[in-house]
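Colleague: This is the structure I want to talk about, given as structure tokens.
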Amino acid sequence: TAVFLGQGREFARCRVGMLVWAEMLKGKRVIVTGASTGIGEQMAYHLARMGAHVLVTARTEARLQKVITRCLELGAASAQYVSGSMEDEAFAEHVVKEAEVVLGGLDMLILNHVGNSYFNYFDGDVGHVQKLLKINFLSYVAMTVSALPRLKDSGGSIVVVSSMAGKVGFPFTAPYSATKFALDGFFSSLRQELAIQKADVSITLCILGFIDTGKTSAMWTLLIRN
């Protein structure tokens with residue numbers, strides 16, 4: 001399933017869906033990546049309100065400690081964290097193994113983390129593209145490979161947070177956009193393969209519109225100037 005989230009009726013449907021999910025997610029064991037700030041942090045809080053067991057991960061340990069404290073205040077069945085960089089494939093796999101240890105299994109994998117990039121003309125830096133592919137794409141694949149046996153056992157779900165930049169090539173986002181197109185291709189294909197195999201694992205690709213952040217504002221300023 002691909003979900004496009006924007007404004008108006010689509011957002012209203014999303015809110016209704018969250019209410020339906022509240023009972024479904026109670027007691028479920030969930031990993032949320034990129035959860036120290038922004039969308040990942042807020043997803044962790046929503047899951048906490050629903051009574052899920054939450055394992056969050058990101059680079060900044062101090063921020064993650066605050067997030068799990070808030071999750072427990074909001075009603076999470078349990079809240080744990082693992083800090084590290086998704087540039088390291090071994091760490092990506094370690095997060096899933098840690099979920100097995102502290103949660104006793106896994107019901108949902110929410111992949112949301114992204115590496116730092118720039119909004120400007122592509123400068124020809126192939127190394128930057130390679131680094132971004134490791135974080136924004138290959139670590140998603142590594143975590144999925146590690147999580148699939150556990151998700152097949154639980155009849156679980158994979159949620160991939162992507163972007164309109166993975167559907168349409170916008171200017172000034174070439175490296176970032178390339179990684180998001182890769183997510184779409186890989187997980188859309190994998191979804192069909194799992195269906196053919198009759199594996200009880202769902203994959204949802206969330207296509208987010210522009211979010212009101214400093215980076216988005218900088219991109220639109222650059223567009224206007226040019």
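Colleague: Go through the residues of the range 62-70 one by one and say whether even a single one is within 22 Å of Gly38 (Cβ to Cβ) and crowded, with 22+ Cβ neighbours inside 10 Å.
Modeller: Within the range 62-70, one or more residues are within 22 Å of Gly38 (Cβ to Cβ) and crowded, with 22+ Cβ neighbours inside 10 Å.
Colleague: While we're on this one: Residue by residue through the range 47-58, note down the ones that are surrounded by fewer than 22 Cβ atoms within 10 Å (Cβ to Cβ) and either modelled with pLDDT under 95 or under 17 Å from Leu106 (Cβ atoms) (or both).
Modeller: Listed by number, the list holds a single entry, Gly51.
Colleague: Out of the residues in the range 104-134 that are closer than 15 Å to Ala35 by Cβ and of a type in the set (A, V, I, L, M), state the one that is surrounded by the fewest Cβ atoms within 10 Å (Cβ to Cβ).
Modeller: By that ranking, first place goes to Val114.
Okay, residues lined up against (1) surrounded by 18 or more Cβ atoms within 10 Å (Cβ to Cβ); (2) more than 20 Å from Asp125 (Cα to Cα); (3) at pLDDT 90 or above:
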| position | (1), (2), (3) |
| --- | --- |
| Ala165 | yes, no, no |
| Tyr176 | yes, no, yes |
| Ala195 | no, yes, yes |
| Ile203 | yes, yes, yes |
| Phe210 | no, yes, no |
| Gly214 | no, yes, no |
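Colleague: Let me ask something else. Would you be able to tell me the number of residues in the range 155-171 that are in contact (Cβ under 8 Å) with a residue 40 or more places away in the chain and in contact with a Lys or Arg (Cβ under 6 Å, 6 or more places away or on another chain)?
Modeller: 3
Colleague: Checking the structure you have, find out if any residue of the range 146-154 is of a type in the set (Gly, Ala, Ser), touching a residue at least 12 places away in the same chain (Cβ under 8 Å) and closer than 18 Å to Phe186 by Cα. Walk me through how you get there before you give the answer.
Modeller: Here is the first cut: in the range 146-154, the ones of a type in the set (Gly, Ala, Ser) are 146-147, 154.
After this cut, where a residue has to be touching a residue at least 12 places away in the same chain (Cβ under 8 Å) as well, the list is 146-147, 154.
Filter once more, keeping what is closer than 18 Å to Phe186 by Cα: 146-147.
There is at least one residue in the range 146-154 that is of a type in the set (Gly, Ala, Ser), touching a residue at least 12 places away in the same chain (Cβ under 8 Å) and closer than 18 Å to Phe186 by Cα.
Colleague: Looking at Gln80, is it in a helix (DSSP H, G or I) and not charged (D, E, K, R)?
Modeller: Numbers: in a helix (DSSP H, G or I): no; not charged (D, E, K, R): yes.
No; evaluated as a whole, the condition is false for this residue.
Colleague: Being part of a helix (DSSP H, G or I) and under 21 Å from Cys206 (Cβ atoms) narrows it down to one of Leu106, Leu132, so name that one. Steps first, answer last, please.
Modeller: On the way: Leu106 fails: part of a helix (DSSP H, G or I).
That would be Leu132, the only listed residue that is part of a helix (DSSP H, G or I) and under 21 Å from Cys206 (Cβ atoms).
Colleague: Same structure, new question: Does Ala90 meet the test of being among the aliphatic types (A, V, I, L, M) and within 16 Å of Ile110 (Cβ to Cβ)? Spell out how you get there, then give the answer.
Modeller: Working: among the aliphatic types (A, V, I, L, M): yes; within 16 Å of Ile110 (Cβ to Cβ): no.
Spelling it out, it is not the case that Ala90 is among the aliphatic types (A, V, I, L, M) and within 16 Å of Ile110 (Cβ to Cβ).
Colleague: Could you tell me whether the range 71-92 includes any residue that is under 17 Å from the mean Cα position of the chain (by Cα), at pLDDT below 95, closer than 21 Å to Val201 by Cβ and surrounded by 15 or more Cβ atoms within 10 Å (Cβ to Cβ)?
Modeller: Yes.
The values are calculated or read from the model by the stated rules, or taken from the named source; none is laboratory data. This structure is a prediction, so every number in the text was calculated from the model and none was measured. Quick reminder, even Gly has a Cβ in these numbers, built from the backbone with ideal geometry, and neighbours come from all protein chains shown.
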